[in-house]
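Here is the structure we will look at, set down as structure tokens.
The values are calculated or read from the model by the stated rules, or taken from the named source; none is laboratory data. On a predicted model such as this, the values are computed, not experimentally measured, just so you know. Every residue, glycine among them, receives a Cβ derived from its backbone with ideal geometry; neighbour counts consider all protein chains shown. What goes into the accessible areas is simple: the full protein's heavy atoms, side chains included, and nothing from ligands, DNA or RNA. Shrake-Rupley method; radii C 1.70, N 1.55, O 1.52, S 1.80 Å.
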Amino acid sequence: MPLVTTKEMFEKAYKGGYAIGAFNVNNMEIVQGITEAAKELNAPLILQVSKGARAYANHTYLMKLVEAAVIETGLPIALHLDHGDSFELCKSCIDGGFTSVMIDASAKSFEDNIALTRQVVDYAHDHGVVVEAELGTLAGIEDEVNVSEEDSSYTRPEDVQEFVERTQCDSLAIAIGTSHGAYKFKPGTDPKLRLDILEEVERRLPGFPIVLHGSSSVPQEFVKTINENGGNMPGAIGIPEEQLRMAAKMAVCKINIDSDLRLAMTASIRQYFNEHPDHFDPRQYLGPGREAIKQMVKHKIVDVLGCDGKA
């Protein structure tokens, strides 16, 4: 089976009341952990690559890893550019075999966001590739995305319909309370998704797929493991997973997950070296790291996304 776009995935997800996991990849072990979990649960899958990951791992290496995953699993897999920040980057990924790209012009003015998004859409659609755009800005840090709390803003539902109609984008990331990165909300706070915004967006654009970024929920057991094994990570919490599951039953068809994977792998590797300080074979610590990612992805597929058995 070749790589697929997200079009059919999202149509099924919207009707079925579940979401597809979009998991960020950087190396072989991460790709393996994610795809092995999805294969065991027969779940559709989006593997996504940020600008930073593409620079780190090299476009060709990443493409071959994803191609191997398709061969090994037989699953419908889409390859997506996460947070593309220019037409040139999106074009390079489209020309290089990606089946989906995100153009993130959310920091620009409304009109400039529309103009750049439409430019990417026109090129992508001519090449059979789908486009995700963003309206509203999430606080937090992830790779080259860095938005302060003061500069973040909720998506305005009244802007959504005009934006989608004028850009012809295929899906839209909106800001309803999630946050990028591991350092999210302080303990003692009560983070909540603005499901009222999501409801209004769905009313204005029935059937249109919505995307949630910054949706890792930072499991505290991994923070604890990291700190018990020499780390110094402040406590932090994310949006409760039951709220993400509610969003997946509504218009949200794609939920991005990255920080949870990094924390799971890091916690496993820290624990391994704490218990085996004299070991130096990368296979000895990357193997458990891969398994930690696999178990995290299985949890997300079943308990948050609800897409197990939907491939």
Can you give me the distance in nm between label points at residue 56 and residue 196, each placed 7 Å from the Cα along the Cα-to-Cβ direction? 3.9
Are there any chymotrypsin sites (Phe, Trp or Tyr not before Pro) in segment 257-307 that are in a DSSP loop and have at most 12 other Cβ atoms within 10 Å? List them by number. 280
Per the Cα gyration tensor, segment 1-61 corresponds to an equivalent ellipsoid with semi-axes, largest first in Å, of 23, 14, 10
First select every other residue whose beta carbon is under 12 angstrom from the beta carbon of residue 300; then total the charges, Lys and Arg +1, Asp and Glu -1. -2
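Projected area of segment 11-96, taken from the Cα convex hull and averaged over every viewing direction, in nm²?
Quarter of the Cα hull surface area: 5.9 nm².
I'd like the carbon and sulfur percentage of the solvent accessible area for the chain, probe radius 1.4 Å, heavy atoms only, ligands and nucleic acids excluded.
Working: 6690 of 13370 Å².
Result for the chain: 50 percent of the exposed heavy-atom area is carbon or sulfur.
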For the chain, calculate the relative contact order in percent as a whole number, restricting contacts to Cα pairs under 8 Å that are 6 or more residues apart. 23
Shape metrics for segment 76-124, restricted to C-alpha atoms - Rg then Dmax, Å: 10.7, 36
Through the Karplus equation 6.51 cos²θ - 1.76 cosθ + 1.60, θ set to phi - 60°, convert the phi angles of segment 30-35 into ³J(HN,Hα) values in whole Hz; use x for Gly and Pro. 5, 4, 5, x, 5, 6
In this model, which of 7/310; 7/91; 39/91 are farther than 24 Å apart at the alpha-carbon? 39/91
Once you've got the GNM for the chain with C-alpha springs shorter than 10 Å, pick whichever of 125, 83, 213 has the biggest mean-square fluctuation. 125
Across 20 Å bins from the origin, how do the percents of Cα pairs in the chain run, short distances first? 35, 59, 6
Which residue, 295, 284, 48, has the most motion in a Gaussian network model of the chain that connects Cα atoms within less than 10 Å? 284
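Roll a 1.4 Å probe over the protein chains and send me the accessible area per residue for the chain in Å².
I get 43 Å² per residue for this part.
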Asserting the computed 222 nm helical MRE of the chain (DSSP H runs at least 4 long, -39500 (n - 2.57) per run, divided by residue count, to nearest 500) equals -14500 deg cm²/dmol
Gaussian network model of the chain, Cα within-10 Å springs - most flexible of 240, 44, 206: 206
Mind ranking 246, 102 by accessible surface for me, highest first, 1.4 Å probe? 246, 102
